[in-house]
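Below you'll find the structure, written out as structure tokens, and then a few comments.
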């Protein structure tokens, strides 16, 4: 058993590294002398154009750093030349390490889709930090850039989005950073990404294993056809059976009555929603109409093809009413009742995010026609999609997928490390797909203990998509990855914190150990359930592999998927 002591809780102050100590550890550079366009351009980094450079003064949250915006000419890989813009934050005192990330959605911006704690502390730790738009500029959920005309894909931009730009920006940025500091090579390189950026981290490891020593992968959008057909299925289920937000607490109460205590204690946190046995029909007619109950059943169910084949797992039923985060039932699955259910955009300008993402990708990536009416003409009914449609989806997108666990094996066998994490309340990307991936990895390595030597998965109860949710959702992942890669200390337990109103300044609401999958945390029976020191992780535990009726509906059971099980 690994008991969590309160002494292991890492405060924000402990995570911070003072500017003074960083300067003592590395000679750094004089920002005012080197942080301008002319000086950076004079470094003559191949394929790099410097657009701007700003010396950002030290503050309470960050040391002094040079904020650089530039562009990398992308080329090769069977597509014409493209351009990927990047932002680099280069601290005055460099720790000789490189940390990369990328955007979420369909990319197109510099907003980092990464673990927020790692993002907040990376400069204080001395990292040279880089992100990229991966080859185009757009809103998060607008893929119009992918077409030059109906039926004519934008091959350079798509190649960049799928895999090329992230890699070529890494090559160029590393050269720029080394020249900028001029005092030695990069000693360690890490990637930290969630959602689409999580997919990019996996693609980097699979295609370009020399780019990074370790990667952190959160809620990865690893399978375009699976994730978008799942999101489409969920939203369409409620098109004619809208469930008002005022009804969601009653649904959650019924789920918790069934499932909260299955981990040994009733504490408002469901550690394994796949074990739940919630039946929406039991809420008819007091809470739900028959149509609403049917819609919830479709929401829970896996995506299948029209031959009955399992294509993508279904949804978690935990904490549907909590909309405090970015990745909950609202705004991803529901926003408001449809204004015209026969329209190409049934919700008008207030569509659920899962619809916005699926619709733009189906029209631009798959059908290659922006006028296509995905609402009426995409061949899906109640979670069943035609094989022909899935085949076309894969043909147009699978080159950018990262859903084959076997493709990660060479990276891991070369001593590289991976930390995966996913929130059990995620309604943007089902947590069960990441579990599928890790089960496959364990199958390849001959069991979880063998897989854990290389990659570890930490499931986060009560956490939504990358951020938010009612459970402990704030966690430092960069330090455990550093310890694993640089010191050989693998993370058995990572402590997560829930702040009041998700604001560190508002104080701590509770802490909780995240156990490495397939372990779940076990309450000691006497301590404060809100304190991580009252919980333990056991290396002998396999509780997160246990599957109940809702997990079976969602297609989570690995034995049902493969005909065997890995324990």
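Every number here is computed from the coordinates shown, using simple stated rules; none is lab data. In this text the structure is predicted, and so the values were computed from the model without any measurement. Note that each Cβ is placed from the backbone with ideal geometry, even for glycine, and that neighbours are counted across all protein chains shown.
Labels on offer are [x] 1.06; [y] 0.95; [z] 1.81, and the one holding Cα Rg over 2.2 N^0.38 Å computed from this structure is [y]. Only helices enter the 222 nm calculation for the chain: every DSSP H run of n ≥ 4 contributes -39,500 (n - 2.57), and dividing by all residues gives -8000 deg cm²/dmol, rounded to 500. Distance between the C-alpha centres of the range 434-494 and the range 49-71: 32 Å, rounded to the whole angstrom. With both labels modelled 7 Å from their Cα along Cα-to-Cβ, the residue 139 to residue 336 distance reads 1.5 nm. Once the Cα-Cα distance is subtracted from the 0.36 nm per residue extended length, the residue 503 to residue 373 segment shows a gain of 42.7 nm. Out of all DSSP beta bridges in the range 357-492, what portion is antiparallel? Express it as a percent rounded to 5. Roughly 25 percent of the beta bridges in the range 357-492 run antiparallel, per DSSP. Dimensions of the range 417-458 from C-alpha coordinates, computed as largest minus smallest value along each principal axis and given longest first, are 31, 17, 11 Å. Distance from the Cα centroid of the range 157-192 to that of the range 78-141 is 10 Å (rounded to whole angstrom). Reported to the nearest whole Å, the Cα centre-to-centre distance from the range 348-413 to the range 229-304 is 25. P(r) tail for the range 176-250: Cα pairs beyond 18 Å make up 62% of the total.
Share of antiparallel DSSP beta bridges in the chain, in percent to the nearest 5? Counting only bridges with both partners in the chain, antiparallel ones make up about 65 percent.
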